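Written below as structure tokens is the structure these notes are about.
Any read-out appearing in this document is the output of simple, stated calculations on the displayed coordinates, not a laboratory observation. A quick note: this is a predicted structure, and the numbers were derived from the prediction, not measured. Cβ sites come from the backbone with ideal geometry, for glycine too, and all protein chains shown count toward neighbours.
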Amino acid sequence: MKSSLQKFKESYFLYSFKQDKVAMASFIAIVIFIILAITAPWIAPMDPYDANNIDIMNSEIPPSWNEGGEKSFPLGTDNMGRDMLSTMLYGLRTSIMIGIGAVSLQAFIGIFMGLSAGYLGGKTDAILMRIADIQFSFPYLMLAILVGAIFQIIFGIGRYEQLAVPLLILIIGFAEWPMYARTIRASVMREKNKEYVEAAKVIGLSKSVIMVRHVLPNSLTSLMVISTIQIANAVMSEAALSFLGLGMPVTMPSLGSLIRSGFDYIFSGSWWITVFPGVLLILFVLSINLLGDWLRDVLNPKLYKG
Amino acid sequence: MSTPILTIDNVVKHFDITGGFLDQIRFKNGKFKLEKTTVKAVNNVSLSINQGETLSVVGESGCGKSTLARVVMGLYAPNSGQILYSGKRIDNLSHKEMLPFRKKMQMIFQDPYASLNPRKTVQRTLEEPLRFHNPKMSSKKIYDKIEEIMEQVGVDPAWAKRFPHEFSGGQRQRISIARGLILDPELIVADEPVSALDVSIQAQILNLLMETGKKRRLTYLFITHDLSVVQHISTNVAVMYLGNLCELADSGTLFENPRHPYTKALLSAIPKIGETSEKHIKLKGEVPTPIHLPSGCVFHDRCVHANERCVNQIPELLTLDNGTCVACHAVEENRVIS
Amino acid sequence: MSHLLELHDLEVKFALRTGDIIAIDGVDLTLDKGETLGLVGESGAGKSVTGFSIINLISKPGYISKGKIIFDGEVISSFSDEKMREIRGNKISMIFQDPMMTLNPVFTIGTQMIETLLAHKNISKSEATKIALEKLQKVQIPSPETRLDQYPHELSGGMRQRIIIAIALLTDPQIIIADEPTTALDVTIQAEIMDLLQELCETDHMSLILITHDLAVVSQVTEEIAVMYAGKIIESGATNEVISNPRHPYTKGLINSIPGSIKPGEKLQQIPGMMPTLSKIPPGCAFNPRCLEKIGICETNIPEPKKTDVGTMASCHLI
């Protein structure tokens, strides 16, 4: 009897991963990014949330290798005098948090809707999928502006800063769940006519048990593929919203709001405030997408050759 | 005579394949009309099986035999007609009322690669029906039972923790049979259980089915297109064509003395080993679609004996002197020389 | 007299990440003009790979690693791709199990037939249409003119298989390789298609290699038979001799395991176990773990083909 670890070591999955240099590199990059984000409070030279550490006199110091740069701020400082490196690490942390949170919400709603629509079919399917269509034809930016504005009016700017993260998770999560619903529905519809589902019906299992215990686990591979892409999308959406001033407030930087705050100074010569977080964002999203591409190829049963 | 274990009484099953409301709109003779497209899969089929017998339903693809099996199992509700189990009507029961009957009737499927959940180990596949129907059964008893049943079907119980993809087609079919047997059913509906398997494996599975059938006094409803398998295992044989029952007879009689023109053609087409092909009966044309059934006898446009009456009137199933039931005007009028 | 097609000690390997596996292990076959040969075996026995290797169409990562294929006096196994194209689909045609593998769903039957012709022959379009019609008539398709304008999905399975045969006939090939041509079809249609193939071979003096798992079909259609097991031909000879006097235990087992060979209701004779996967072929005779008559030498020595008392060839130590 082989242990599951041993099986994994001999699997095609791992084999093709080792063959693909791009996948390996992007996986390593993602792991590094995530470690950096998680450990940001300990490894960052300063805490950008703590007003005591910030000195406005230190603002717009260029990176250390440039003229006028200082050793204590390796990547320079932003317009408020925060250390760029620390701010970016905290920003990455916020971005990833929002990305994963939003995707979890999307997955939760999407799986529920898609599974019910696909398995129950008929009228349930028609109603749920029309809701998804309507949701999809609604520009999420409009939704974000609307919800953001209402929120700011109800809770005031002060409370808004505290609630920004859950709010963004909600907005991005609600905007994109139809992607999940559609993918799940398609694979559920493929699975539900297979004989093992009929066998479960013959045993007498109830619909919900068949849906959750038999159909869903077999639809999960397609979920894995879109999840990677959706995380990248969510991080991008967050950046876009923050860039437009609808996302994270300047006091709680995310990568998007950092890019935005630097954008005003880019022509006055302080390019680093925008460029560094921009590059970080691109690298992060690119690695996720490259890994997602590989995952899609390897999990596609049509391409699979054991 | 005792009550048959299973009675299929005038079952009709039509499938609506029209789709949404918009697809139903048709423009005809200057008027818009709502029209549905239905596949007439099973039309007025009546059959019964006695305890311990094996009834085979044979026919070519699209004749409705698999649909009939699924109607019997309650996977599809019949449009009209009844299914009786030991004299009790079961086709209109609620999910809960049906549960005691689920224990008594189980199904074995055709494709050993699709009939086992790929994400469940053998043990979990076999455990599920037991736990569901016997919630108070102890784990020890459940595992003992699984071991016993795996031994019975010839799969090493040591492999219980493996996933289906680690088994060959024949072994998977054994596991599928084990799942069917684990609740100790009385009736097994087997939908083409050997047609996806290689010849040498096919013999193993057929032997297994016959042996367990004898040992457990099982009743089989056997769905297949393979006539040589049918001849080997059946007590009675029902021949279906395009959703209709053509002929019903005990196995020996049917193979020696087929009466319906379609049965004759079907039997003559079986390749037999070691015999150089004698001329088989050629049928005109092709099987029509079950969406637009031919009028009268569904077989009339391919039948050499067809006349006016066959085109207009649907033949009733009538019992001949030797016990064969056949639905054919030509046989009734002695136009077919047998 | 030299044969039309000869396979000499053909070996086909598949290069997998776990190492090479041998799919075809030293197959010798001959086919004469007008002869019909049945290649029988269970799935994984290597019968389809043999068929594909003749026209050099083994899918990657498979390759011919040893031996040669001689067609009409030429060693075609060493032909370049371009040269092979003159033979494949021209002098040797292939018919597949699934008609939709050959037919392109987006083109009409006519377009597909005419294009095949134009690719191989230097003729005008109207001439090609004429030949296409002629071949459709030959495969007994009712109203061939209308078929030319139809799409594959408008036809039934049996009709599609007839079209495939018509396409295979277009270039008047010398050999047709039919890989499970009727497995997906119903018995009544299967009988018609088999009749058709047999008739064509007789009237056009064409050779046929029929690859199938169905011994009964082969026994009715072909003159010669070769039974394959785990990449080797284990028994071959005249079909009626092999079927009525099988000498290899595997062939015997196969024939006996067909229901209908014994009285209904009795236990079928079964071959225990199953065919080994190609990566785990046992030493000695590949059949020895399943063989009911095995002797000591079977586990160590690979049997050579020997002439049997009935004139057939069998690879078994018992002979």
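On a 0 to 90 degree scale, rounded to 10, what angle separates helix B:122-133 from the longest Cα axis of chain B?
The angle comes out near 80 degrees.
Which shape class, rounded, prolate or oblate, goes with segment C:245-319 when its Cα gyration tensor gives a ≥ b ≥ c as root eigenvalues, a/c under 1.5 marks rounded, and past that a/b bigger than b/c marks prolate?
On the way: a/c = 2.40, a/b = 1.34, b/c = 1.79.
It comes out oblate by the Cα gyration axes.
Divide by every residue of chain A the summed helix terms, -39500 (n - 2.57) for each DSSP H run of at least 4, and state the resulting mean residue ellipticity at 222 nm, rounded to the nearest 500 deg cm²/dmol. All intermediate terms of the calculation are to be shown ahead of the outcome.
Numbers: 11 runs with 215 residues, N = 306.
Result for chain A: -24000 deg cm²/dmol, rounded to the nearest 500.
Would you mind checking which residues have amide H under 5 Å from C:LEU208's amide H? H placed 1.01 Å from N; only 5 or more apart, or other chain.
Sorted by chain and number, the residues that satisfy this are C:GLU35, C:THR36, C:LEU37, C:ILE176.
Once you have a ≥ b ≥ c as the square roots of the Cα gyration tensor eigenvalues for segment B:253-338, tell me rounded if a/c is under 1.5, and otherwise prolate or oblate according to whether a/b is larger than b/c.
In terms of gyration-tensor shape, oblate.
How large is the convex hull of the Cα atoms of segment A:115-258 per residue, expressed in Å³ as a whole number?
Working: hull volume 17.8 nm³, N = 144.
Residue-normalised Cα hull volume stands at 124 Å³.
Taking amide H positions as placed in the peptide plane 1.01 Å from N, state which residues far from B:MET240 in sequence (5 or more) or on other chains have amide H under 5 Å from it.
B:VAL58, B:GLY59, B:CYS246
Starting at the first residue of segment C:222-228, write each ³J(HN,Hα) from the Karplus equation 6.51 cos²θ - 1.76 cosθ + 1.60 with θ = phi - 60°, in whole Hz, x for Gly and Pro.
Taking θ as phi minus 60°, the curve returns 9, 8, 10, 9, 9, 9, 10 Hz for segment C:222-228.
Quick one: Karplus J couplings for segment B:216-224, per residue in order, coefficients 6.51, -1.76, 1.60, θ = phi - 60°, nearest Hz, x for Gly and Pro?
9, 6, 7, 10, 10, 10, 10, 9, 7
What trypsin sites (Lys or Arg not before Pro) in segment C:222-303 are in a loop by DSSP, with at most 16 other Cβ atoms within 10 Å of the Cβ? Numbers along the way, then the final one.
Working: sites: C:LYS232, C:ARG247, C:LYS252, C:LYS267, C:LYS280, C:ARG290, C:LYS294; in loops: C:ARG247, C:LYS267, C:LYS294.
Listed in order of number, the matching sites are C:LYS267.
Strictly greater than 47 Å: what percent of every Cα pair in the protein assembly as shown meets that?
Counting every Cα pair in the protein assembly as shown, those more than 47 Å apart make up 42 percent.
With a 10 Å cut-off between alpha carbons and a GNM built on chain B, which of B:PRO271, B:PRO261, B:PRO112 moves the most?
Among B:PRO271, B:PRO261, B:PRO112, the largest GNM mean-square fluctuation belongs to B:PRO271.
Compute the long axis of helix C:157-169 from its Cα atoms, compare it with the longest principal axis of the Cα atoms of chain C, and write down the angle in degrees, 0 to 90, nearest 10.
80
Taking a cut-off of 27 Å between Cα atoms, list the lysines near B:LYS31, but don't count ones fewer than 8 places away on the same chain.
Correct list for B:LYS31: B:LYS40.
For chain A, which DSSP H helices look membrane-span-like by this rule: Cα extent along the axis of 20 Å or more and mean Kyte-Doolittle of at least 1.0?
Helices meeting the criterion: A:21-38, A:84-120, A:140-191, A:216-243, A:272-299.
Which entries of B:LYS65/C:LYS135; C:LYS33/C:LYS306; A:LYS194/B:LYS104; C:LYS91/C:LYS125; B:LYS96/B:LYS140; B:LYS33/B:LYS65 have Cα-Cα distances beyond 29 Å here?
Flagged as over cut-off: B:LYS65/C:LYS135; B:LYS33/B:LYS65.
What is the angle, in °, between the Cα long axis of helix B:169-181 and the longest principal axis of the Cα atoms in chain B? Nearest 10 is fine, range 0 to 90.
It works out to around 80 degrees.
Using just the helices of chain B, give the 222 nm mean residue ellipticity in deg cm²/dmol: DSSP H runs with n ≥ 4 each add -39,500 (n - 2.57), and the total is spread over all residues, rounded to 500.
-9500 deg cm²/dmol
Which percentage, to the nearest 5, of the DSSP beta bridges contained in the protein assembly as shown is antiparallel? Working shown, then result.
Numbers: 61 of 98 bridges.
Once the DSSP bridges in the protein assembly as shown are tallied, antiparallel ones form about 60 percent.
What ratio of Cα Rg to 2.2 N^0.38 Å holds for chain B?
1.09
Using a cut-off of 19 Å between alpha-carbon atoms, which lysines can reach B:LYS36, once sequence neighbours fewer than 8 places away in the same chain are excluded?
Straight-distance partners of B:LYS36: A:LYS123, B:LYS13, B:LYS28.
Step through the residues of segment B:160-168 one at a time and calculate ³J(HN,Hα) from phi using the Karplus curve (6.51 cos²θ - 1.76 cosθ + 1.60, θ = phi - 60°), rounding each to whole Hz and writing x for Gly and Pro.
4, 8, 8, 8, x, 5, 8, 10, 7
Under 5 Å between amide hydrogens, which residues at least 5 positions from C:ILE233 or on another chain qualify, with H placed 1.01 Å from N in the peptide plane?
C:ASP28
May I ask which of C:LYS60/C:LYS294; B:LYS264/C:LYS267; C:LYS68/C:LYS307 have a Cα-Cα span longer than 25 Å here?
The answer is C:LYS60/C:LYS294; B:LYS264/C:LYS267.
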